[in-house]
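What follows is calculated from the coordinates using simple rules that are stated; it is not laboratory data. Not measured: the values here are computed from a predicted model. Here Cβ is always computed from backbone atoms with ideal geometry, including for glycine, and neighbour counts include all displayed protein chains.
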Amino acid sequence: MPDASLRELDTFVNDSLALIEGLASLEDLREAEASLTGRRSPLATWQRSLGALEPDERRSAGARLQEARRTLEEALARRGEALRDVARREKLDRDALALGDVVVDQVLWPLGVGRAGLVARTQRELEDVFVAMGFQVADGPEVESDWYNFEALNIPPAHPARGMWDTFYVDLGDPETVVLRTHTSPTQIHLMEAAVANASLPIHSVMPGRCYRRDTPDARHLATFHQIEGLVVDRAISFADLAGTIETFTRAYFGADIASRLRPAYFPFTEPSAEFEITCTICRGGGCRTCSGTGWIELGGCGMLDPAVLEAVGIDGDEWSGFAFGFGIDRCAQMRHQIADMRALIDNDVRFLRQV
Ligand code: PHE
């Protein structure tokens, strides 16, 4: 291969290396590959011209051509790798979604973030207050037999006290009457029966849950509502223990500026009995539509366990005494959050739900 041709080859290789370094896309790379090392490339032309040379010259020129080809092929491969790397990174950048995009825009919106409803949260807060006071939390059935809802609580059939509750009776064709419980008090009976069976007295428990009455909903009532029952059965329990428990609860849950009072009342299963009221938080005691102008809101009832109830479950009233209370969880939520009309709790109006 004449010197001139060799110089030409060197120049070609150097120019080609510069060109390869400057390639900006894989497409350009493929074109360059064809034009620099393909069948129509100068390399191929030189290769073909080797046949006209003397054997010695042909060998050395052939080796130079091989070396030039390898140099270019390696440079093309390196450049290709670099370009593919850039392309991969660009694709990753394009495909990557900010975490915020996915979570907020695609997944959670428009569903929104859910949370427990106000009544459920209030129930938990009330449980916390009582647990802090040393009570345990227990559960009871929402559907009861007549015996648990009434008779064991000292309300025999045809007793006028049955008129205190607008009961939903369930006709199962059963000789025993079944009711949707009108209060959480039947859970007292379940707990006392279990304590007798397991010889596990004393009892210090609260029992939250859903109750039903055939009531027409108004500002203070819902037909499906929630109560939290309290039951203490222990030795030498007095009315002072009951009053102190109610007062401690009121201060802990509503704050020291809300007063509570006990008013004499009647319940068949407690004796003496009282109604438990707090200052209406809507009007702060001044009188408003929610409290029917009285300035007080009744939260529930309470009293000392009637000996007839202890007897019904087989607890010795000479050894044991106790108190019970039961009050509305919805009512507590209403007073704590100053909800003028309790029906807002079941309207499911998101403008309301977002506030509480
Ligand atoms: N169960 C009664 C009611 O629903 C409240 C109550 C509970 C009264 C416990 C006395 C003792 O009205």
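In loop segments of region 188-222 as defined by DSSP, the trypsin sites (Lys or Arg not before Pro) with at most 16 further C-beta atoms inside 10 Å of their C-beta are Arg214.
Both radii come from the Cα set of the chain: Rg as radius of gyration, Rh as Kirkwood radius; their ratio Rg/Rh reads 1.60. Applying a 4.7 Å Cβ-Cβ cutoff to the chain, the cysteines left without a disulfide-compatible partner are Cys211, Cys302, Cys332.
Between region 185-216 and region 122-144, what's the alpha-carbon centroid distance in Å? Measuring centre to centre over Cα atoms gives 11 Å.
Packing here is the average count of other Cβ atoms within 10 Å per residue, and on that basis the peptides 247-254, 9-16, highest first, run 247-254, 9-16. Judged by the mean number of other Cβ atoms found within 10 Å, the most tightly packed of the peptides 184-196, 324-336 leads the ranking 324-336, 184-196.
Using only alpha carbon pairs under 8 Å that are at least six residues apart, calculate the relative contact order of the chain and give it in whole percent.
Relative contact order of the chain: 14 percent.
Looking at the chain alone, DSSP beta bridges between its own residues are antiparallel in about 95 percent of cases. For the chain, the longest principal axis of the Cα atoms and the long axis of helix 239-254 meet at an angle of about 30 degrees. Reducing region 20-81 and region 219-235 to their Cα centroids gives an inter-centroid distance of 93 Å. Among Met164, Met304, Met207, the largest mean-square fluctuation in a Gaussian network model of the chain (Cα springs under 10 Å) belongs to Met164.
For the chain, modelled as a GNM whose springs connect Cα atoms under 10 angstrom apart, the maximal fluctuation among Ala18, Ala161, Ala340 occurs at Ala18.
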